[in-house]
Amino acid sequence: MDKLVINGPCQLTGNVTISGSKNAALPILMACFMAETKVTLSNVPHLKDVTTTIQLLASMGVDVLFDEKLNIELYSAGLTSKEAPYELVKTMRASILVLGPLLSKYGEAKVSLPGGCAIGSRPVDIHIKGMQQMGADIRIEKGYIIASAKKLIGADITMELVTVTGTENLMMAAVLAEGQTVLRNSAIEPEVTDLACFLNAMGAKILGIGTDTLIIDGVKSLTGVKYTIIPDRIEAGTYLAAAALTGSKITINNADASHLTSVLKKLRAAGAEITVDGSNITLDMVGKKLLPVDISTAPYPYFPTDMQAQLMVMNSIADGSSSVAENIFENRFMHVSELIRMGADIYLEGNIAKIKGVDKLVAAPVMATDLRASASLILASLVAEGETEINRIYHIDRGYELIEEKFHKLGVDIHRTN
Ligand code: EPU
């Protein structure tokens, strides 16, 4: 099994280009077979989760091609299978996003229930209830969601929790439904907005994009388009946190600062000087003292759970005490015990981590447990003295494109081994 080996401590310097957003690319890829003609997607990140999605689509009969610029072309003349099998869903929960498009366009779907995962139980009851409100007949059989509907009918749906993929699934279900659907308490993450813009570009009629009430008038068909995926705000935030942590100055390119408001605010509060110039963001922390910042995760536009672990590493070596509250997932503190092994002083009280900044971290063999936890361990290794070995690194390949190459280019002594 692959490991990452990093020699610290180090300072970063130079530029890094941010890839396309994983969590925008996944639902957009899933929506492609709803179009009658070819869809061409640019800025799709090369990640394990994207490969898994393409495998899933190909297994259902979608033709997937890469052009000479590595844009992805997708076309389906009619699916041969309407099933997302357990083997794929267990490696990528986002496979559940195929449910809405399948029901909407074909009136039938068989999708494995995702089950729990490292960061929490993560049920999909809100997805299912919403589709039932739209007239779908849904039953659970041998771990599979079996869904059918002669025709989905628009409905007025209030989601009881803000859910990103729930909003996306119901939005995709609604675009080809008969009549109007209103989705209340919708997630407003930039990835949800990107999917809505993509669907509208294909001919859908979605109003209220970027607000928590989406009004969707069903249309008869969608047509293929060329579309560019937004930059990955979490990858961007991760590199900025790496620079803040190591007292460095770097510039990230191809980023969208408007998606990072809450993250940039915390990085500035931690002492970083940040300038934005179009799609370039420069963070300068050279010679500055790293200050502790309190974090409380919440749905967009508030502080993202996907940046919690990275900011926790900053707090671990900041000058003072801080608290980090995780309010989205019940088990997203798996990185804490690994950080403690590297010398961090963190105490957990329910969903709150209390952190006392220490002078330094020390290298140790550690274990990656989920995607963002893995990122936090890489960050910790940048300030730890000695050689840190991060095991089970396959998690990182699900969400960070070319991570060794990018950190290497910024001056980090990093390599992959097995
Ligand atoms: N929830 C329910 N029932 C549902 C749906 C959600 O109880 O039917 C709960 C969840 O258990 C959780 C909360 O609602 O406690 C919010 O979960 P949400 O549905 O928003 O999460 P998600 O859609 O499964 C997406 C991202 C995650 C990101 C979260 C929160 C994708 C593919 N995944 O997950 O990304 O952390 O939103 O922003 O978009 C990651 O990239 O590392 C990652 C985990």
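Just need a number here: residues in segment 121-155 that are within 11 Å of the ligand (Cβ to nearest atom) and of a type in the set (S, T, N, Q). Going through segment 121-155 one residue at a time, the tally reaches 1.
Here residue 140 meets each of (1) outside any loop (DSSP other than H, G, I, E, B); (2) open to solvent by 50 Å² or more (accessible area, probe 1.4 Å); (3) farther than 21 Å from residue 85 by Cβ with one exception, condition (3). Screening segment 309-327 for residues that are free of Cβ contacts under 8 Å to residues at least 40 places away in the same chain and surrounded by 21 or more Cβ atoms within 10 Å (Cβ to Cβ) and picking the one that is farthest from the chain's Cα centre (by Cα) gives 322. Residues that are within 19 Å of residue 19 (Cβ to Cβ) number at least 3 in the following strands (runs of 3 or more DSSP E) confined to segment 179-292: 226-228, 249-253, 280-284. Would you check if there is a residue in segment 156-172 being under 30 Å from residue 273 (Cβ atoms), more than 16 Å from the ligand (Cβ to nearest atom) and at pLDDT 95 or above? No, every residue in segment 156-172 fails to be under 30 Å from residue 273 (Cβ atoms), more than 16 Å from the ligand (Cβ to nearest atom) and at pLDDT 95 or above. Considering 405, 385, 389, the condition of being over 15 Å from residue 234 (Cα atoms) and buried (at least 16 other Cβ atoms within 10 Å of the Cβ) is satisfied by 389 alone. In the set (1) surrounded by fewer than 17 Cβ atoms within 10 Å (Cβ to Cβ); (2) under 21 Å from residue 399 (Cα atoms), residue 345 fails one condition alone, (2). The single residue among 94, 118 that is farther than 18 Å from residue 166 by Cα, open to solvent by less than 50 Å² (accessible area, probe 1.4 Å), in contact (Cβ under 8 Å) with a residue 40 or more places away in the chain and within 10 Å of the ligand (Cβ to nearest atom) turns out to be 118. Restricted to segment 46-55, and to residues that are of a type in the set (Ser, Thr, Tyr) and surrounded by fewer than 22 Cβ atoms within 10 Å (Cβ to Cβ), which residue is farthest from residue 400 (Cα to Cα)? Restricting to residues being of a type in the set (Ser, Thr, Tyr) and surrounded by fewer than 22 Cβ atoms within 10 Å (Cβ to Cβ), the top hit is 52.
Scan segment 11-45 for residues that are part of a strand (DSSP E or B) and open to solvent by 10 Å² or more (accessible area, probe 1.4 Å) and report the count. So the count comes out to 6. Summed over segment 164-182, the residues that are crowded, with 24+ Cβ neighbours inside 10 Å and within 24 Å of residue 234 (Cβ to Cβ) give a count of 8. Listed by position, the strands (runs of 3 or more DSSP E) contained in segment 319-411 that have at least 3 residues being away from the ligand (no atom under 13 Å from the Cβ) and over 24 Å from residue 52 (Cα atoms) are 321-325, 345-349, 352-356, 384-391. Within segment 69-125, being at pLDDT 90 or above and in a strand (DSSP E or B) holds for 72, 73, 74, 75, 83, 84, 108, 109, 110, 111, 112.
The values are calculated or read from the model by the stated rules, or taken from the named source; none is laboratory data. Worth saying up front: this structure is predicted, and the values here are computed from it rather than measured. FYI the Cβ positions are ideal-geometry reconstructions off the backbone, even for glycines, and counts take in every protein chain you see. When the accessible area is computed, the model is the full protein with side chains, heavy atoms only, and any ligands, DNA or RNA have been set aside. Shrake-Rupley method; radii C 1.70, N 1.55, O 1.52, S 1.80 Å.
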